[in-house]
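Asker: Sharing a structure, written as structure tokens. Questions coming.
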Amino acid sequence: VVLEPPFMCKPFLCLCDRDKQPPVCSVQGCKQDLSKTKHFPDVFMERQGKSMMIFCRSKQFGCDWQGELRNLLNHEATCTHPVQCPEKCETPVMRAELEEHVLHDCPHRKIACHFCEEQVKASDMNQHALVCPDMPIPCPNDCPPSGAKYPPKQMENHLEWCPKHMQRCEYCQHGCEFQGNTLDRYDHCKMQEGYHLEIVTRSFQICKKEIAKLEDIRQKYEDL
């Protein structure tokens, strides 16, 4: 409960929007500038508001206090009944424990995901983990160390060097049919340098012949 006085401006009596800077009049049609020099607390309306008869916020939990709004804070300082959690978790909480509950125990409190930093309800965190874009996942090749996990953004880089990831030879487009894990491919490329030079040369010769054929065709069209 915030017991702030209402403000008055000419020609209307109004409550200003305190969230805006400077505060603005919420009465339709009022053009007054509500800077500090043009508006002031309305003591009469403040007195009227604080004289309203209200119940304790713990009425649903058995508190039968009833009094003026001005006395509410004094009553709540001594009220021994629980209150409703402000996060609407439907958990009755003792006033002395309310702050601790809201910060650390309430299932509706917002906490940051450890991986993507998105603000998520504590009760929804397990569900969020299933769709979190930055949740580490295990390598599909079950590579050592056992149980190691990697963020999705790093998985592509990991697979490039994963010792169990099956890869084709980097000269496969020239005809090499080797396929093996990263370490085996490294050894293969080192041991088959001569063979790779041979098939690359062969590919070059084939491309050279194809280019010559295309050149002949182009020349024939130009001679027409």
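Asker: Under 6 Å between Cβ atoms, at least 6 apart or on separate chains: pull out the pairs that start in the range 55-69 with a residue that is in contact (Cβ under 8 Å) with a residue 24 or more places away in the chain and end on any residue that is in a strand (DSSP E or B).
Answerer: Arg57/Val83; Ser58/Val83; Phe61/Pro92; Leu69/Ile54
This table checks each residue for (1) at pLDDT below 70; (2) part of a helix (DSSP H, G or I); (3) of a type in the set (D, E, K, R).
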{"position": "Val27", "(1), (2), (3)": "yes, no, no"}
{"position": "Cys30", "(1), (2), (3)": "yes, no, no"}
{"position": "Asp33", "(1), (2), (3)": "yes, no, yes"}
{"position": "Cys63", "(1), (2), (3)": "no, no, no"}
{"position": "His75", "(1), (2), (3)": "no, yes, no"}
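Asker: What number goes with the only condition from (1) modelled with pLDDT under 90; (2) surrounded by 13 or more Cβ atoms within 10 Å (Cβ to Cβ); (3) touching a Lys or Arg at 6+ places or on another chain (Cβ under 9 Å) that Tyr150 does not pass?
Answerer: The single condition Tyr150 does not satisfy is (3).
Asker: Would you check which residues across the range 126-137 are surrounded by 13 or more Cβ atoms within 10 Å (Cβ to Cβ) and either assigned to a loop (DSSP other than H, G, I, E, B) or at positive phi (or both) and list them?
Answerer: Cys132, Asp134, Met135, Pro136
Asker: Let me ask something additional. May I ask you to list pairs of residues, at least six apart or on different chains, whose Cβ atoms are under 9 Å apart, with the first in the range 195-219 being closer than 10 Å to Gly175 by Cβ and the second being open to solvent by less than 80 Å² (accessible area, probe 1.4 Å) and part of a helix (DSSP H, G or I)?
Answerer: His196/His174; His196/Cys189; Ile199/His174; Val200/His174; Arg202/His174; Ser203/His174
Asker: So, in the range 180-206, of the ones that are open to solvent by 90 Å² or more (accessible area, probe 1.4 Å) and modelled with pLDDT of 90 or more, which residue ends up nearest to the chain's Cα centre (by Cα)?
Answerer: Checking each candidate, the answer is Lys190.
Asker: May I pose another question? For the range 112-125, indicate whether the set of residues that are open to solvent by 50 Å² or more (accessible area, probe 1.4 Å), assigned to a helix (DSSP H, G or I) and either without any contact (Cβ under 8 Å) to a residue 12 or more places away in the chain or closer than 22 Å to Phe55 by Cα (or both) is non-empty.
Answerer: yes
Asker: Sticking with this one: If the requirement is being under 30 Å from Asn181 (Cβ atoms), at pLDDT 90 or above and not polar (S, T, N, Q), which of these qualifies: Cys132, Cys113, Cys143, Cys139? Please lay out each step first, then the result.
Answerer: Numbers: Cys113 fails: under 30 Å from Asn181 (Cβ atoms); Cys143 fails: at pLDDT 90 or above; Cys139 fails: at pLDDT 90 or above.
Checking each option against the conditions leaves just Cys132.
Asker: Scan the range 81-97 for residues that are among the acidic types (Asp, Glu) and buried (at least 16 other Cβ atoms within 10 Å of the Cβ) and report the count.
Answerer: Number of matching residues: 1.
Asker: Failed condition for Gln60, given (1) among the polar types (S, T, N, Q); (2) open to solvent by 100 Å² or more (accessible area, probe 1.4 Å); (3) within 21 Å of the chain's Cα centre (by Cα), with all others met?
Answerer: (3)
The values are calculated or read from the model by the stated rules, or taken from the named source; none is laboratory data. Just so it is clear, the model here is predicted, and its values are computed rather than measured. Cβ: placed from backbone, ideal geometry, glycine included. Neighbour counts: every protein chain shown. Heavy atoms of the whole protein, side chains included, go into the accessibility calculation; ligands, DNA and RNA do not. Shrake-Rupley method; radii C 1.70, N 1.55, O 1.52, S 1.80 Å.
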